[in-house]
Amino acid sequence: MRMIGILGGMSAASTQIYYRTLCDLTRARLGGLHSPELLIRSLDFARIEALQAAGDWDSAAAILNAEARALAAGGADLLLMATNTMHKLAGPVMQGVSIPLLHIADATAARILSAGCKAPALMATAFTMQQDFYVGRLRNAGLAVLIPEPDDRQATHRIIYDELCRDIVRPESRQMFEAIATRLIARGADSLILGCTEIGMLLNQTNVAVPVFDTTLIHCEAALDLALQDPPS
């Protein structure tokens, strides 16, 4: 089994979900006492969030690049960033890093297309919904992506940062997310991307009327596929 390096802590709630999901998937596939080979570097998200808010993406990239290099030096064979938003920095984060990055948007796009969906709605942080680094990548893969209207984008972003990233789950926020998803479906969405790694705390296939694509689950499944491949000769 290849070792998966996880660049996490953005947020801590997300990284806990990644760890649990990878453990569950490995046990389901291999049985017995099997668990994944992991290296995890969990950052202080308060520091990263302050740089996001200040628009200082260069400083954030420098921090993540140093950590990605450390994971590679520590023996990781492939890298995951346990966050959608910080894939904005995928290029600079991977400069000088000797192992491949499994990009969360690419894995998600492939899964949506294989399911026959074409017009997914995206719920995520404001950065992910409004900037081209993520939506553009999905559209380049052939998907007609819908994003929420401005008020719904603001509410989604607030709930992610003020609640989900702090492990707070409120019934009224679940209802708000369900209403936002319903409005996106009414606009023509044939599926829904949970485009922030914490959104699965509120939405899943039981409370959304179209196919749901949980980026955390998809990312973990794709990573395990790679980890279980025979190493190149």
Taking segment 208-226 on its own, how many of its residues are more than 16 Å from LEU122 (Cα to Cα) and open to solvent by 30 Å² or more (accessible area, probe 1.4 Å)? 3
Failed item in (1) buried (at least 19 other Cβ atoms within 10 Å of the Cβ); (2) free of Cβ contacts under 8 Å to residues at least 40 places away in the same chain; (3) under 20 Å from ALA222 (Cα atoms); (4) β-branched (Val, Ile, Thr), with ILE40 passing the rest: (1)
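Return the only residue of PRO120, PRO92 being modelled with pLDDT of 95 or more and farther than 20 Å from GLN52 by Cα.
On the way: PRO92 fails: farther than 20 Å from GLN52 by Cα.
Of PRO120, PRO92, the one residue that is modelled with pLDDT of 95 or more and farther than 20 Å from GLN52 by Cα is PRO120.
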Of (1) open to solvent by less than 60 Å² (accessible area, probe 1.4 Å); (2) under 20 Å from CYS196 (Cβ atoms); (3) not in a helix (DSSP H, G or I), TYR18 satisfies every one except (3)
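Kindly establish whether ILE112 is among the β-branched types (Val, Ile, Thr), outside any strand (DSSP E or B), modelled with pLDDT of 95 or more and farther than 19 Å from ALA222 by Cβ.
Values: among the β-branched types (Val, Ile, Thr): yes; outside any strand (DSSP E or B): yes; modelled with pLDDT of 95 or more: yes; farther than 19 Å from ALA222 by Cβ: no.
When the stated conditions are applied, ILE112 does not pass them.
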Considering segment 172-221 alone, what residues qualify as being of a type in the set (A, V, I, L, M) and within 21 Å of THR15 (Cα to Cα)? ILE193, LEU194, ILE199, MET201, LEU202, LEU203, VAL212, LEU217, ILE218
For ALA68, the lone unmet condition from (1) open to solvent by 80 Å² or more (accessible area, probe 1.4 Å); (2) assigned to a helix (DSSP H, G or I); (3) farther than 15 Å from CYS220 by Cα is (1)
Please pick out the residue among MET86, MET3, MET10, MET81 that is over 16 Å from the mean Cα position of the chain (by Cα) and open to solvent by less than 50 Å² (accessible area, probe 1.4 Å). MET3
Using the structure shown, decide if ALA115 is farther than 20 Å from ASP44 by Cα and either open to solvent by 10 Å² or more (accessible area, probe 1.4 Å) or touching a Ser or Thr at 6+ places or on another chain (Cβ under 8 Å) (or both). yes
Note on ASP151: of the conditions (1) surrounded by fewer than 17 Cβ atoms within 10 Å (Cβ to Cβ); (2) outside any helix (DSSP H, G or I), unmet is (2)
Residues within segment 161-171 that are in a helix (DSSP H, G or I), over 17 Å from ARG47 (Cα atoms) and open to solvent by less than 70 Å² (accessible area, probe 1.4 Å), tallied: 1
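The values are calculated or read from the model by the stated rules, or taken from the named source; none is laboratory data. Bear in mind that the values here come from a model prediction, so they are computed numbers and not experimental data. Positions of Cβ are generated from backbone atoms using ideal geometry, with glycine treated the same way; all protein chains shown enter the neighbour counts. Ligands, DNA and RNA are stripped out before the accessible areas are found, and what is left, the full protein with its side chains, is counted by its heavy atoms. Shrake-Rupley method; radii C 1.70, N 1.55, O 1.52, S 1.80 Å.
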